[in-house]
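Below is one structure, written out as structure tokens; comments come after it.
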Amino acid sequence: MNPEYAAYAAAHPLFYDTAHHARTAALPDAEEYATALGTVPPGWEEARRGDWRSLAPAGAHVPPQGWKIHVSASLDAAPRVLAATARLCFARRVPFKFVPTRTLLLLRNGKYADRAGSGKFLTLYPPVPEDFEPLCRDLAAALDGEPGPYILSDLRLGEGPVHVRYGAFAPRFCPGPDGLPVPAIADPGGALVPDPRGPVFAVPAWVTPPAFLAPHLAARSAAGADGIPYDIEGALHFSNGGGVYRAKDPRTDRRLVLKEARPHAGLAADGTDAVARLTHEEDVLRGLAGLDCVPAVHEHLTVGEHRFLVMDFVPGTTLNTLFARRFPLSRSAPGEEALAAHAAWAERMHRLVTDAVADIHARGVVMGDLHMSNVMVSEDEQRVVLLDFEAASLTSEAARPTVANPAFAAPRDRTGQAVDTYALACLRLALHLPLTTLFGLDRAHAARLADAVAEIFPVSRASLDAAVREIEGPPNAGPADPEAPAPTASRSALPAPPAPGSPAPRPEPVSLSSWPRARDLLVRALLASRTPDRGDRCFPGDIAQFASPAGGASLGYGTAGVLHALHAAGERCPEAEEWLLARTKEPASGTPCGLYDGLAGIAWTLDRLGHTQEALDLAALVAREPLHALPPSLHGGQAGIALVLDTLAARADSAEAARLRAAAARCA
């Protein structure tokens, strides 16, 4: 799974969304860091774009690319860092932008946030190259000693929060290696080339770093695995909090795992960083020493600012992977024998995990983040080892975890051991049907899921009753997270919720004969989820909506796809059609041209909805693009574009039809 989904899932209780749309009870829409700016001088212009608030002198000239400055900050240091940086920028008339809220900064630095962009709290754009060195020098002096995470994509100046990188100032795009638009900078000849934005510092081949950066480049080159007395053999996992590495002790040939933690990065919901959680995990594991169901700890190391926990390598396969490999319903007509074998396997796995959890409970420890990826199964499938105790707590603390897998996360009415007991109940059902994420929206779904398990597998429904009772909790317990903010979409088209104290209605079973009813419910839900007031998307969807300017409008992920589905179901949404038309008049730079990801698919949809002239205008725009650099694919490449252009040519006059067919032929 793409770990970026976790960051988008944290922003909204029901739908994937961007961090700047996150709404919490504590910080609804406040921009509390902005108070640290002080008085903005006259003649400065302000704007809010996505996660950022920008300030620049009116009429300021900013070059399209060059050396820019990024400043990181811990959550608590952010107001001080912003105040000091803003004073310098105001005095020297340097445009800058910053993350305006603690909530946004926490999400940008979360455990599964984008590693390339994580850590960036402020960005400064020196108006002329001559400003770069003195600005770096004075800013580093002003912020000396302030804590902040290391920005992986940048070069760090000394040991403070100031980092630099050569890249684009203004949004420009060019075809990437796969032909799709990517951020760009100009080479010495003026040609646009990709501006890589990965979690590694890189300088374009034609750019010579200023001389004052030499000692910082040397320090970066010298940093590495020195100080680690083990041979690193490879990486098992990366997150924004650090990596997990496979290693070997050269003195004994013993296989080990090194778990890394970066300071001020990989933040949990309560703001604790990866180092604090790894230190806590070590303490917990040492308290569980001797148990066969937890990894043995050897030592911890500090290399630079990074902390490493050295543990025994646990051979085997995670329960999640093992489940995926053998799940019978991933095959057509698995047969009664396969279903029975899986049911017996699921029962045995659940018993092994239950016994392991009982062992740690006997030591007074709650795991807190129990799910299938945190369980390692031995090759003979006779033993399990529990992994990842970052969220663990003592039974006596009656605590709630700060991180949890949404398919196994206990509701707010559970603390201490009850958190693990709830996860075990979810596991009981998930080992047959992995749909327990739905419990976060409606715990009454547990009974329906248990009914389905008993219907499909040779499992007694009564044997699932205890799990269902555990998940449902007390009568009328309500949703798993009653304090979650309400979704932004209107709910006027949906049935009214049951009155307090009355049982939730059980929906009718869906079958082929009940398809019209199911279709109508889907249509109502889609219409109720629309947000036409937003500029980035009209309907919620996959995180790919936020990856390009056309994502929220596209056929594959956005409004065009929803309108096509509604139209096929005999429904129209004029409000959403107007939203889509408004966003196709002047497509933003960097908008893809493809069938599923861009303009071609939007044009095809508009034509099917009767907006033929607007579709032809869009198709003509696509036909003028340099399509030769695109891949041959149907999704975003030449095959899909050729089909659309050839189809729309039949709607055009002879001259335009010839141009569209010629472009389609070039793609073919």
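Just so it is clear, none of the values below were taken in a lab; they were calculated from the coordinates. Owing to the predicted nature of the structure, the values given are computational and were not obtained by experimental measurement. Positions of Cβ are backbone-derived with ideal geometry, glycine not excepted, and every protein chain shown enters the neighbour counts.
The range 429-449 to the range 40-80: how many Å between their Cα centroids?
What the calculation gives is 45 Å, centre to centre.
If I take every Cα pair under 8 Å that is 6 or more residues apart in the chain, average their sequence separation and divide by the length, what percent do I get for the relative contact order? List each step's numbers first, then the result.
On the way: 1213 pairs, mean separation 57.9, N = 668.
Normalised by residue count, the contact order of the chain is 9 percent.
Only helices at least 18 Å long along their axis, Cα-based, and averaging -0.5 or more on Kyte-Doolittle count here, so list those DSSP H runs from the chain. Working shown, then result.
Details: long enough: 78-92 (21 Å, 0.69); 274-287 (20 Å, -0.30); 336-362 (39 Å, 0.03); 417-430 (20 Å, 0.84); 515-528 (19 Å, 0.38); 654-667 (20 Å, 0.08).
Long hydrophobic helices here: 78-92, 274-287, 336-362, 417-430, 515-528, 654-667.
If you wrap the range 600-648's Cα atoms in a convex hull and average its projection over all directions, what's the area in nm²? Mind dumping the intermediate values first?
Details: hull surface 11.8 nm².
If I average the Cα hull's projected area over directions, I get 2.9 nm².
Output needed: percent of Cα pairs per 10 Å distance bin for the range 557-604, bins running from 0 to the one holding the longest distance.
So the P(r) values, bin by bin, are 25, 58, 16, 1.
Dividing the Cα radius of gyration by the Kirkwood radius, what Rg/Rh value follows for the range 231-312? If you can, show how the numbers build up before the last one.
On the way: Rg = 12.8 Å, Rh = 13.2 Å.
Reported Rg/Rh, Kirkwood definition of Rh: 0.97.
Would you list, by chain and number, the lysines whose Cα falls below 28 Å from the Cα of Lys97, excluding same-chain residues fewer than 8 positions away?
Correct list for Lys97: Lys68, Lys111, Lys120.
Between (1) 1.04; (2) 0.98; (3) 1.10, which entry matches Rg/Rh (Cα atoms, Kirkwood Rh) as derived from the coordinates of this structure?
Identified label for the calculated read-out: (2).
Return the Cα extents of the range 1-157 along principal axes one, two and three, sorted largest first, each rounded to a whole Å.
47, 32, 31
Averaged across orientations, what area in nm² does the convex hull of the alpha carbons in the range 555-668 project? Could the numbers behind the result be given before it?
On the way: hull surface 25.9 nm².
About 6.5 nm², averaged over all directions.
Give me Cys573, Cys593 ranked fewest to most by other Cβ atoms within 10 Å of their Cβ, as a rough exposure proxy.
Details: Cys573 22, Cys593 30.
Neighbour counts put them in this order, fewest first: Cys573, Cys593.
Which distance in Å, rounded to a whole number, links the C-alpha centroids of the range 632-667 and the range 130-175?
46 Å
Could you list Met311, Met367 so that the one with the fewest beta carbons within 10 Å of its beta carbon is first and the one with the most is last? Don't jump to the answer; show the numbers that get you there.
Working: Met311 22, Met367 25.
Ascending number of Cβ neighbours within 10 Å: Met311, Met367.
Under 15 Å from the Cβ of Arg624, count the other residues' Cβ atoms, weight Lys and Arg +1, Asp and Glu -1, and hand me the total. Could the numbers behind the result be given before it?
Details: positive: Arg659, Arg661, Arg666; negative: Glu586, Asp617, Glu625, Glu656.
My count for the surroundings of Arg624 gives -1.
Would you list Glu305, Glu472 from fewest to most Cβ contacts within 10 Å?
So the ranking, lowest neighbour count to highest, is Glu305, Glu472.
Would you calculate a helix-derived [θ] at 222 nm for the chain, using -39,500 (n - 2.57) for each DSSP H run of n ≥ 4 and dividing by the full residue count, to the nearest 500? Don't skip to the end; give the middle numbers.
On the way: 18 runs with 212 residues, N = 668.
Calculated at 222 nm, the ellipticity per residue is -10000 deg cm²/dmol.
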